[in-house]
Amino acid sequence: MRIFLAKKAGFCMGVKRAVDLVFKTARQHKNHPVFTLGPIIHNPQVLHLLEKQGVRTIDAPEQVPPGSIVIIRAHGVPLGVKNKLSQQKVVIIDATCPRVLKVQQLIKQYCQRGYQPIIVGEREHPEVKGLCSYAQNKAWTIGSEEDIKKLPQAQKVLVVAQTTQNERLFKRLAELIKKRYPEVKVFNTVCNSTHERQEEVRDMAKKVEAVVVVGGKMSGNTRRLAQIGNEAGLNTYHIETEDELNPEEITKFKTIGVTAGASTPYWLIRRVIFRLEDILSRNIPLWWRIPYKLTKLFLLTNFWAALGGASLAIIGSRLNGLNPSRAGLIAFTYLWAMHVLNHLTSLETTRLTDPARVRFYEKNRLLFSTLGIICILISLKLSKPWPLAFFTMIFLITSGLIYNIE
């Protein structure tokens, strides 16, 4: 089985900005209560992480205690909610996506000029609720051709999109609206990132049999990716975590694509890829299993990185008339030991992003701790004939060992 990962999978600019703001605020204000007004993004795993940092989600401004820090979600909030917050004794941090802010201002501007706003999107989506408030809640929200037929008459209309909307659907509906009203202003406000990841799924359909879409079940843009996969004739699996993958289903396919919604963190995508690789490894031929396991071992222990460093040391020592084999061995043992020992001391921080590596090191902790120490001693012994190199090695080893100490 071959696995194809979409280039645009994972956090978009607006989501990354919002999540970074929340984590930064939580770190800088540990003694102050931090709240997000509604879920900051539609991803349960990220929200769980934020809860561990002490960030709590509230649904209404009235729930915020005085003196708190309130962060406005990436989707934005209705204008009335923002006004209520500003009247309270709280610190407000606006994490609304800049692209959403742009659409809000566009609606406000054209409403003042007498245009009737039409929003192509989901009526109950938080972003759309926020957009409607900038038209005094008089905007019309549509999601299909049938909805257009039910719209009242108007002289001048403005057509915009929910930023995570299906772009092809938006363009089709915009053309129908142009035929219905005398004066129509159309602004394609679908985010570039949304458009690109949707097109990637369509392109992926030409070379894969199935696609795994990773992201929250409540995420509109993730659901649309799954919908596009189905429309393209792909076997489509919308999952939130790697635990939802069914090995019996997955092993039916020779090629499988992986994409993710705008609110899906990259570490979650990595975990899905690792699980797919694990499923793949169960069906490899017997003759290929030993080379496969060796390759995996070399990757998990950063063998190739150490070998690359050793190669550079050999070339450098040859150019300077030194013993190339000794220099290469010093570099290899030092680099390999530092990688391995740092992996062993950072298991908790790696547990989220690379669970396979964590399981490997937990299972072989004693073996690799011993080998790491032996490699350090070898590098010191080999560098002893060169005083400058010896003291440099002591400094480098000390620096490497305290790297993960906070």
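Values in this text are rule-based calculations from the coordinates and carry no lab data. For clarity, every value in this text was computed on a predicted model and none was experimentally measured. As a convention, Cβ positions derive from the backbone with ideal geometry for all residues, glycine included, and neighbour counts pool all protein chains shown.
Consider segment 326-377. How many of its residues are part of a helix (DSSP H, G or I), among the basic types (Lys, Arg) and either closer than 30 Å to GLY10 by Cα or touching a residue at least 40 places away in the same chain (Cβ under 8 Å) (or both)? Count: 3.
Residues checked against (1) assigned to a strand (DSSP E or B); (2) charged (D, E, K, R); (3) at negative phi:
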| site | (1), (2), (3) |
| --- | --- |
| ARG56 | yes, yes, yes |
| GLU62 | no, yes, yes |
| GLY67 | no, no, no |
| ALA74 | no, no, yes |
| VAL77 | no, no, yes |
| LYS84 | no, yes, yes |
| GLN88 | no, no, yes |
| LEU101 | no, no, yes |
| LYS108 | no, yes, yes |
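Scanning segment 221-239 turns up no residue that is more than 20 Å from GLU122 (Cβ to Cβ), within 24 Å of the chain's Cα centre (by Cα) and touching a residue at least 60 places away in the same chain (Cβ under 8 Å).
Going through THR194, THR189 one at a time, which residue ends up being over 20 Å from ILE273 (Cα atoms), polar (S, T, N, Q), in contact (Cβ under 8 Å) with a residue 12 or more places away in the chain and assigned to a helix (DSSP H, G or I)? Of THR194, THR189, the one residue that is over 20 Å from ILE273 (Cα atoms), polar (S, T, N, Q), in contact (Cβ under 8 Å) with a residue 12 or more places away in the chain and assigned to a helix (DSSP H, G or I) is THR194.
Restricting to segment 2-54, what's the tally of residues that are β-branched (Val, Ile, Thr), in a strand (DSSP E or B) and more than 16 Å from VAL77 (Cβ to Cβ)?
If we filter segment 2-54 for residues that are β-branched (Val, Ile, Thr), which is where we start, we get 3, 15, 19, 22, 25, 34, 36, 40-41, 46.
Retained after the next criterion (residues that are in a strand (DSSP E or B)): 3, 34, 36.
If we keep only those that are more than 16 Å from VAL77 (Cβ to Cβ) too, we end up with 3, 34.
Adding up the residues that qualify gives 2.
For segment 108-141, name all the residues that are among the β-branched types (Val, Ile, Thr) and more than 20 Å from ASN192 (Cβ to Cβ). The answer is ILE118, THR141. Got at least one residue in segment 352-367 being closer than 19 Å to LEU297 by Cα, surrounded by 19 or more Cβ atoms within 10 Å (Cβ to Cβ), in contact with a Phe, Trp or Tyr (Cβ under 7 Å, 6 or more places away or on another chain) and not aliphatic (A, V, I, L, M)? Yes, segment 352-367 contains a residue that is closer than 19 Å to LEU297 by Cα, surrounded by 19 or more Cβ atoms within 10 Å (Cβ to Cβ), in contact with a Phe, Trp or Tyr (Cβ under 7 Å, 6 or more places away or on another chain) and not aliphatic (A, V, I, L, M).
When segment 379-390 is examined, which residues are found to be over 41 Å from the mean Cα position of the chain (by Cα) and in a helix (DSSP H, G or I)? Outline the logic, then answer.
Our first condition is that a residue be over 41 Å from the mean Cα position of the chain (by Cα); within segment 379-390, this holds for 380-390.
Across segment 379-390, the qualifying residues are LEU380, LYS381, LEU382, SER383, PRO387, LEU388, ALA389, PHE390.
If you go through segment 310-328 and keep only what is surrounded by fewer than 18 Cβ atoms within 10 Å (Cβ to Cβ) and either under 22 Å from TYR361 (Cα atoms) or under 37 Å from the mean Cα position of the chain (by Cα) (or both), you end up with SER311, LEU312. Taken together, the residues in segment 40-99 that are of a type in the set (S, T, N, Q), farther than 21 Å from TYR266 by Cβ and more than 18 Å from the chain's Cα centre (by Cα) amount to 7.
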